[in-house]
1. Tell me, Asp258, Asp91 in order of fewest to most beta-carbon neighbours within 10 Å?
2. Using the number of other C-beta atoms within 10 angstrom as an exposure proxy, rank Val391, Val90 with the fewest first.
3. Compute the Kirkwood hydrodynamic radius of the chain, taking the inverse of the mean of 1/r over all pairs of distinct Cα atoms, and give it in Å to one decimal.
4. Would you be so kind as to identify which of Ala133, Ala118, Gly187 lies farthest towards the positive end of the dipole of region 97-218, taking Lys and Arg as +1 and Asp and Glu as -1 on Cβ and the Cα centre as origin?
5. What angle do you read, to the nearest 10 degrees and between 0 and 90, between the alpha-carbon axis of helix 118-185 and the longest principal axis of the chain?
6. Dipole of region 159-259, Cα-centred, from +1 at each Lys and Arg C-beta and -1 at each Asp and Glu C-beta, to the nearest 20 debye?
7. Relative contact order of the chain: what whole-number percent is it, with Cα pairs under 8 angstrom and at least 6 residues apart?
8. Pick from Ser276, Ser297, Ser240: which residue has the top mean-square fluctuation in a GNM of the chain where Cα pairs under 10 Å get a spring?
Amino acid sequence: MRDLFLLVLLLIPLTAAATSVELVEAVRGAVTARPQVLAAQAQADAAAAGVTEARSRYLPRLTATETYTWTDEPAGSLFIALNQERNVMVDPTYDLIDPAAQTDFATRLTLEQKLFDAAAGYAIARARAGQAAAQAGARWSREEAAFAAFQAYLEVQRTAAALIWVEKSQEEAAEILRVAVERRQAGLGLKSDELRSRVQLAETERQLLTVRNDQTLSRRRLALAMGNAGGEVDIARPLSVDFWAGAAGGAAAGERADLHALSRRSDAAALALQESRAGYLPTLGVAASYGLHGEESPFAVDGAAWAVGAELRWELFDGLRRSGAAARAAAEEQGARAEHEEARRRQQHLRAEAQLRAEEATLQHVSALAAVAAAEEGQRLLLQRYEAGLVELAELLGAQSALDRARFAVVSAESRLLLARGNIRLQNGTFLTTILPGEEVAP
């Protein structure tokens, strides 16, 4: 039983190992569960509710009120009695100057309808522009979250490849140390050669420790990029360098989502200016009400009456509030237009830069592959010559260091190439549709 218990304890870490995901799963998780995506979608939902709120200015308003009054004010007491359909004017005991206190429960249902409000139309259009901007912002948030998950996926892939290369370098350093020890024991080598080999092996062990920590951290970053609260996520398989081959890299139809959001925000600012100017025009509305009055309890029908009316309201002076609002809206519109133009120019630059970096990364990858092939062959030949006593250990260690650098260069070049080609899709606004074609993904 004790042995079984110990076996279970040993298996627990294995069951808690990092789960593995494909790139599609990682991206799908990022665009549906990451908090920043949820926040952007919530803002889009809030903007949609704002359209309903703005549209309410065109719809009628129906209110019900219940008012209780207790007074001995002469005029108030008289009108309470009249509203309750009690003609106290013919009552000789009723004192018009000092009447007894009267109570009234007034129940009223009121219907109000705006017939003309120039600002309301602009308010609705502004709310719709804000909704479109928020929806575009939510789409761009998903695009960024998807690319961040892709970056995290590549980082896990890079650290996994680096770990393989470091372990191989460690094996080769151990082999060099073995040869140096054998040569010293045979009287053909120096003690200093053995010590230098041990230093080389210790260096690879330090690199191995660093790369393992990098791998753990990269898995945790991938988990966060997918919207997980913590833990580690591994990749199911590495991406090949031709992953993007055949994938469409053209620009998205219309503006990129973030630029479209800025464009609609500038439209909303222009509509806000029109709305503020419409505040100088009059408003026209009608109202109707039906009321009940009771002396002893609410909803009593001691008296009932109705009323209808219309109101034309034209505010002639408001302490410069409208002029200040118009000036503020004009400045905000100008700023929004400038912000959109700045973002458009920046996107053009980033798109051109992404293309150049992708071409650069392609050439660097080809160069790195050629360099590692040459370094491997050079290290193999020098190891054979060192075993035969034809070269010094320093030359072999130099070749080994060059091989280590070349291997790391290949790993980095592959990662940069994949990232650069993915960045082209991001700058074109087509990254998410390339990874998840035909899917409508939303939180």
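Please treat every number below as a calculation from the coordinates, not as lab data. As the structure is a prediction and not an experimental result, all values here were calculated from the model. Cβ coordinates were reconstructed from backbone atoms using ideal geometry, including for glycine residues, and neighbour counts include every protein chain displayed.
1. Asp91, Asp258
2. Lowest to highest Cβ neighbour count: Val90, Val391.
3. 29.8
4. Towards the positive end, the residue furthest out is Gly187.
5. The answer is roughly 20 degrees.
6. Once rounded to the nearest 20, the dipole reads 300 debye.
7. 24
8. Ser297
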